[in-house]
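Data block below; observations after.
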Amino acid sequence: MNDRPLLNRRLDGLGTTIFAEMSALATATGAINLGQGFPDTDGPESVREAAVRALREGHGNQYPPGPGIPQLRAAISDHQRRFYDLSFDPDTEVLVTAGATEAIAASMLALLEPGDEVIAFEPFYDSYAACIAMAGAKRIPLTLHAPSFRPDLDELRSKITPRTRLLLINTPHNPTGMVLTAEEQSAIAALAIEHDLLVVTDEVYEHLVFAGAHRPIAALPGMRERTVTIGSAGKTFSFTGWKVGWVTAEGPLLAAVRTAKQYLTYVSSGPFQYAIAEALRLPDSYFDDFRDDLRRKRDLLGDGLRAAGFEVYEPQGTYFITTEITPFGEKDAYAFCRALPERCGVVAVPNSVFYDDPEVGRSQVRFTFCKRVEVLEEAVERLGTLA
């Protein structure tokens, strides 16, 4: 065998994800896993029963249509109109994907070519780096700094070059919990229009905003025709294993993304698509109660982390809290997280892995609060021993 590396060089350094590593550590030690962002309870019973009904009635057990079943595409279109007054044709402007992860991958592979540059908020959700790399493009970080993690719009302007093809926006932002303001979105939109840039926006936490409000950038003047909006059922309905995501975009943009998507999974989640079509039509009270429940859990864990000695950066959205470990005399978040299960029986994730320059987030640790109250209370008690 020759000396060429087996792994494509574009993926160099992108091995096992931190989530797999820390979840394995939680299993091995019996620690409470506040690292990976998945709920420990299922979503609404009516939605689960809709999936069972679809299975029994033979809906989706064979290949569903490539773009997604018509019922779900119509429900996604209605959801965008209901919450944001955005109109998308369910036949030509809505695409169902294998979660938001595939939507991101398909968008990057469809819209980028080698040599293109993508500006994205740093810290990045880890799949961004991999998908940009697989497309042969170059990621350009716009670093969000504690404590507010607000984007520096002057710096954003300075990073745009003739090679810039696309802005990759994530709001509410994982891992920091930052939610873009209307003024920030308008400024970003103005730059995209001025420089004729595409925008891909990851909005999977759209219904988990605790301060401010979520508004898709596609709703701004001049943005619909250049924006790919990504959504997901996993975070909103607590069925992350079903992997049902979607893309909404103007016809030509969606056609490009669909072309790439059809050679990835082709189709997925057949029966679950029928269930999510029903979930998206749940009353407003569901979305309000879901958000309020997560806000209470955010406050429970946040108060516990402060009492344990962490500096806490309160998130405006998502279900993650970023903390600072320097009050403990610690600086290395990765080492801190590796030792935490033995120290107090809790698993968290080091934010440093989400930065191109790990030093920027070297002392930041992320916890998730999308767990049962009793689990969070137990975790708070355990973390309290650090104090």
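About its Cα centre, what dipole magnitude does region 231-387 give when the only charges are +1 on Lys and Arg Cβ and -1 on Asp and Glu Cβ, stated in debye to the nearest 20? Let's see the in-between values first.
Values: 19 positive and 22 negative charges, 105 e Å.
Dipole magnitude for region 231-387 comes out near 500 debye.
Counting helices only, and only those DSSP H runs with n ≥ 4, report the 222 nm mean residue ellipticity of the chain as the sum of -39,500 (n - 2.57) divided by its residues, in deg cm²/dmol to the nearest 500.
Details: 13 runs with 155 residues, N = 387.
Result for the chain: -12500 deg cm²/dmol, rounded to the nearest 500.
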What are the residues whose amide H is under 5 Å from the amide H of Val346, where those residues sit 5 or more places off or on another chain and H is modelled from the backbone? Ile32
Which labelled figure in (i) 123; (ii) 184; (iii) 152 is volume of the Cα convex hull per residue in Å³, once derived from the coordinates: (iii)
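Give me the number: length gained by fully extending Ile193 to Phe19, i.e. 0.36 nm times residue separation minus the C-alpha to C-alpha distance, one decimal in nm.
Working: separation 174, 0.36 × 174 = 62.64 nm, distance 3.63 nm.
Full extension from Ile193 to Phe19 adds 59.0 nm.
Checking the a/c ratio against 1.5 first, then a/b against b/c, what shape does the Cα gyration tensor give for region 5-138? The partial results should precede the final answer.
Numbers: a/c = 1.96, a/b = 1.21, b/c = 1.63.
Oblate, because a/c is 1.5 or more while a/b does not exceed b/c.
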Please report the antiparallel percentage of DSSP beta bridges with both residues in the chain, rounded to the nearest 5. 50 percent
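How high is the relative contact order of region 315-387? Use alpha-carbon pairs under 8 Å, at least six apart in sequence, and give a whole percent. Working shown, then result.
Numbers: 95 pairs, mean separation 25.8, N = 73.
Result for region 315-387 is 35 percent.
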Taking H as built 1.01 Å from N, whose amide H comes closer than 5 Å to the amide H of Ile140, not counting residues under 5 places away? Val118, Ile119, Ala120
Just to check I understand the Karplus step: with θ = phi - 60° and J = 6.51 cos²θ - 1.76 cosθ + 1.60, what whole-Hz values come out for region 336-348, glycine and proline as x? 4, 5, 5, 8, 4, x, 6, 6, 8, x, 9, 10, 9
When all C-alpha to C-alpha distances in region 65-199 are sorted into bins of 5 Å, what percent of pairs does each bin hold, rounded to whole numbers? 2, 9, 17, 18, 20, 18, 11, 4, 1, 0
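Given a 1.4 angstrom probe, what's the average accessible area per residue across the chain, in square angstrom? Numbers along the way, then the final one.
Working: 15960 Å² over 387 residues.
Ligands and nucleic acids excluded, the result is 41 Å² per residue.
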When the charge dipole of region 1-127 is computed with +1 on Lys and Arg Cβ and -1 on Asp and Glu Cβ about the Cα centre, the Cα farthest towards its positive end, among Tyr84, Leu55, Gln71, belongs to Leu55
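At 0.36 nm per residue, minus the direct Cα-Cα distance, what do Thr259 and Asp42 gain on full extension? Give it in nm, one decimal, please. Walk me through the numbers on the way to the answer.
On the way: separation 217, 0.36 × 217 = 78.12 nm, distance 3.30 nm.
Full-extension gain reported as 74.8 nm.
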Phi-derived 3J(HN,Hα) across region 361-370 with the Karplus relation (6.51, -1.76, 1.60, θ = phi - 60°), rounded Hz, x for Gly and Pro, is x, 4, 10, 9, 10, 9, 10, 10, 10, 8
Where a Cα-Cα gap under 26 Å defines reach, which lysines qualify for Lys159, not counting those fewer than 8 residues away within the same chain? Lys138
Give me the percent of accessible area attributable to carbon and sulfur for the chain, probe 1.4 angstrom. 50 percent
Excluding residues fewer than 8 positions from Lys297 in its own chain, the lysines with Cα under 21 Å of it are Lys235, Lys371
From Cα pairs below 8 angstrom and at least 6 apart in sequence, can you work out the relative contact order of the chain, rounded to a whole percent? 24 percent
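The values are calculated or read from the model by the stated rules, or taken from the named source; none is laboratory data. Please read these numbers as outputs of a predicted model, since none were measured by experiment. Cβ: placed from backbone, ideal geometry, glycine included. Neighbour counts: every protein chain shown. Note: accessible area is taken over every heavy atom of the protein model, side chains too, but ligands, DNA and RNA are not part of it. Shrake-Rupley method; radii C 1.70, N 1.55, O 1.52, S 1.80 Å.
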